[in-house]
Amino acid sequence: MSGIVVVGAQWGDEGKGKLVDVFAEKADMVVRYQGGANAGHTLVVNGQKTVLHLVPSGILRPDTTCVITSGVVIDVFSIRDEIKRLIAGGYLQNPKQLLISDTATIILPYHKSLDAAREAALQGGKIGTTGKGIGPAYEDRASRRAVLLGDIFDPKTLKEKLELALREKNFMLENYYKTSTFKLDELLEQLKEVAEDLAPYRAKDTSLFISKALKANKRVMFEGAQGTMLDILHGTYPFVTSSSTLSANACVSAGVGPTNIQKVIGVFKAYTTRVGSGPFPTELHDEVGQKIQADGHEFGATTGRARRCGWLDLVALKYAIRVNGITNLAMMKIDVLSGHDRIGVCTAYKINGEIVNELPTSPYELEKVEPVVEWMTGWKEDLTKVKTLSDLPRPATNFIDFVGSQLGTPIDVISVGPGREQTLWVKPLFNN
Ligand code: GDP
Ligand code: IMO
Ligand code: MG
């Protein structure tokens, strides 16, 4: 029981990367379990920023092994660049620090083209995807025609699979979407090169590797991508990503049993953001929302798009606690709320004049709810230099206490800035 899952409790970009990096100091292993290069996880060490898309956020700790499971969709060109950048930055000096599952699905250029073409065809009802080919790649997995990482090391299988895939994809791209197609020989050539670069990291059986570590009582942290409300089954469908972002999927994707999980840490911002389309009950369309966006630098780490901003939504957070089985919480970016006279917290919704405490499962209903907002006194002080909980101004402590008591789940970490050192511990996350 030494596994800990770190899961996004909102619409993504909660600060999972920072928390995992801080936490990885004490972890033996960090396992990324779903999503792909749609994720952007930002780590700030000694003022230097590293943005990771596929590589787990434990990579800046040389003694922490990082694993990518078969539940992740891997853009092989993107991960090769990410690895190169890490090595050039003085990290990942030992290839044994990173293991990538041979049975993970790979994302190829035609997945990205299809992603873009489908979004364009949606016109008014766009999802606002990151354009990284995530949906088309997971579709291929489900329809049993995916190219797996292991295939790029087996020229015969790769050629057969790609021939089959290109026949269908090129037909769709050319005839339905009226866009450019891909050539088999060129793709094979590119993949040959990439296979050489990725060979040192390939792993045949990451499930066995992770299971052995768990059995030996090693500290294994499972790092989620995206957030609860973007889950394919339990998010605001269809405005979601194409994988299950929930904590339970850490076990499914890694190939370990749920009895290995000791804690589920839900990461949330002291307010709410969302990138892309879809319902967002507490969204602010005024200068308050603009201030949060500016102070929080709320621009996507993957696409650079401005993130929509709003007050903290406790209805959605309680839902996240329920569907993930969250045992402990980490509140990020409370420093961003400095300088407001009053701070809103949504404690319930109103639908047709009636108070509702549970998140509606229909996104169209969620679109229509009116948030019930309780107001807390704000504070002017800069929190980014605060070193201990007792140094927080009284209104900030009141805000944290109010949120904690409403959620009925302990908040173990308060983050007051992007840097590793800007972390206030209420309680250590590892028990052992
Ligand atoms: P992730 O996708 O959940 O890993 O989050 P992102 O990295 O996409 O977005 C979070 C952003 O907030 C990054 O730019 C982080 O460096 C930054 N960040 C994380 N924690 C804090 C915090 O407590 N305060 C502030 N001001 N920034 C933070
Ligand atoms: P991290 O791990 C925030 C959103 C996209 C879009 C929807 C579907 O950094 O928290 P996709 O490309 O996955 O098909 O897009 O999901 N989205 C994210 N939003 N953070 C992310 O990842 C996201 N990954 C996808 O903006 O609305
Ligand atoms: Mg992000």
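The values are calculated or read from the model by the stated rules, or taken from the named source; none is laboratory data. Keep in mind the model is a prediction, meaning the values are calculated, not measured. Note that we place each Cβ from the backbone using ideal geometry, even for glycine, and neighbour counts take in every protein chain shown.
Do we find that T228 is modelled with pLDDT of 95 or more, among the polar types (S, T, N, Q), in contact with a Phe, Trp or Tyr (Cβ under 8 Å, 6 or more places away or on another chain) and buried (at least 19 other Cβ atoms within 10 Å of the Cβ) in this structure?
Values: modelled with pLDDT of 95 or more: yes; among the polar types (S, T, N, Q): yes; in contact with a Phe, Trp or Tyr (Cβ under 8 Å, 6 or more places away or on another chain): yes; buried (at least 19 other Cβ atoms within 10 Å of the Cβ): yes.
The answer is yes for T228.
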Check your understanding: Would it be correct to say that E358 is away from ligand 1 (no atom under 16 Å from the Cβ), surrounded by fewer than 19 Cβ atoms within 10 Å (Cβ to Cβ) and farther than 20 Å from S405 by Cβ?
Key -> no
Revision key, fill the gap. Residue pairs within 9 Å by beta carbon, gap of at least six or interchain, first lying in segment 181-207 and of a type in the set (F, W, Y), second surrounded by 15 or more Cβ atoms within 10 Å (Cβ to Cβ) and not in a helix (DSSP H, G or I), listed first then second, are F182/L108; Y201/I68; Y201/L98; Y201/L99; Y201/I100
Review point. Looking only at residues in segment 405-419 that are in a loop (DSSP other than H, G, I, E, B) and touching a strand residue (DSSP E or B) at 6+ places or on another chain (Cβ under 6 Å), which one is surrounded by the fewest Cβ atoms within 10 Å (Cβ to Cβ)?
Key: P410
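Identify all residues within segment 296-347 that are among the aliphatic types (A, V, I, L, M), in a strand (DSSP E or B) and touching a residue at least 40 places away in the same chain (Cβ under 8 Å); write none if there are none.
Our first condition is that a residue be among the aliphatic types (A, V, I, L, M); within segment 296-347, this holds for 301, 306, 312, 314-317, 320-321, 323, 326, 329-332, 334, 336-337, 343, 345.
Then drop every residue that is not in a strand (DSSP E or B), which leaves 306, 312, 329-332, 343, 345.
Passing the criteria: L312, L329, A330, M331, M332, I343, V345.
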Review point. Just wondering, is there one or more residues in segment 10-17 that are touching a residue at least 12 places away in the same chain (Cβ under 8 Å), on the phi > 0 side of the Ramachandran plot and not charged (D, E, K, R)?
Key: yes
Study note, to complete from the structure: With criteria (1) within 15 Å of ligand 2 (Cβ to nearest atom); (2) over 30 Å from P238 (Cβ atoms); (3) surrounded by fewer than 24 Cβ atoms within 10 Å (Cβ to Cβ), E25 comes up short on (1)
**Study point:** Among (1) of a type outside the set (K, R); (2) within 25 Å of T103 (Cβ to Cβ); (3) within 11 Å of ligand 2 (Cβ to nearest atom) - the single one G15 does not satisfy
**Key:** (2)
Exercise for review: Working only within segment 257-292, note down all residues that are within 15 Å of ligand 2 (Cβ to nearest atom), in a strand (DSSP E or B) and surrounded by fewer than 19 Cβ atoms within 10 Å (Cβ to Cβ).
Suggested key: E283
Practice item. Those residues that are farther than 18 Å from F430 by Cα and either in the same structural domain as G131 (by TED's automatic domain parsing) or within 16 Å of ligand 3 (Cβ to nearest atom) (or both), I need them from segment 208-264; list them, please. Key: A225, Q226, G227, T228, M229, L230, D231, G235, V240, T241, S243, T245
Practice item. Evaluate segment 334-344: report whether one residue or more is within 16 Å of ligand 3 (Cβ to nearest atom) and closer than 21 Å to S415 by Cβ. Key: yes
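K350 - would you say it is without any contact (Cβ under 8 Å) to a residue 40 or more places away in the chain, assigned by TED's automatic domain parsing to the domain that holds Q293 and within 30 Å of R219 (Cα to Cα)? Please lay out each step first, then the result.
Values: without any contact (Cβ under 8 Å) to a residue 40 or more places away in the chain: yes; assigned by TED's automatic domain parsing to the domain that holds Q293: yes; within 30 Å of R219 (Cα to Cα): no.
Criteria not met by K350.
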Exercise for review: Can you give me the ranges of the strands (runs of 3 or more DSSP E) entirely in segment 1-50 with at least 1 residues that are out of contact with any helix residue (DSSP H, G or I) (no Cβ under 7 Å at 6 or more places or on another chain) and more than 13 Å from ligand 1 (Cβ to nearest atom)?
Suggested key: 3-8
Check your understanding: Out of all the residues in segment 243-264, is one or more within 22 Å of P136 (Cβ to Cβ) and β-branched (V, I, T)?
Key -> yes
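Take R219 and decide whether it is basic (K, R) and surrounded by 15 or more Cβ atoms within 10 Å (Cβ to Cβ).
Values: basic (K, R): yes; surrounded by 15 or more Cβ atoms within 10 Å (Cβ to Cβ): yes.
So R219 passes the test.
Looking only at segment 355-368, which residues are touching a Leu at 6+ places or on another chain (Cβ under 9 Å) and touching a residue at least 24 places away in the same chain (Cβ under 8 Å)?
In the first step, residues of segment 355-368 are kept if they are touching a Leu at 6+ places or on another chain (Cβ under 9 Å); the result is 359-360, 366.
Within segment 355-368, L359, L366 qualify.
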Review point. Taking only pairs six or more apart or across chains, which ones have beta-carbon atoms under 6 Å, a first residue in segment 114-142 that is in contact (Cβ under 8 Å) with a residue 60 or more places away in the chain and among the hydroxyl-bearing types (S, T, Y), and a second residue that is within 11 Å of ligand 2 (Cβ to nearest atom) and assigned to a helix (DSSP H, G or I)?
Key: T129/D115; T129/E119
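Please go through segment 186-227 and give me each residue that is within 16 Å of ligand 2 (Cβ to nearest atom) and at positive phi, ordered by number.
Residues of segment 186-227 within 16 Å of ligand 2 (Cβ to nearest atom): 221-227.
Within segment 186-227, Q226 is the sole residue that qualifies.
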Revision key, fill the gap. Picked from segment 369-400 (must be in contact with a Ser or Thr (Cβ under 7 Å, 6 or more places away or on another chain) and over 26 Å from I355 (Cβ atoms)), the residue surrounded by the fewest Cβ atoms within 10 Å (Cβ to Cβ) is K380
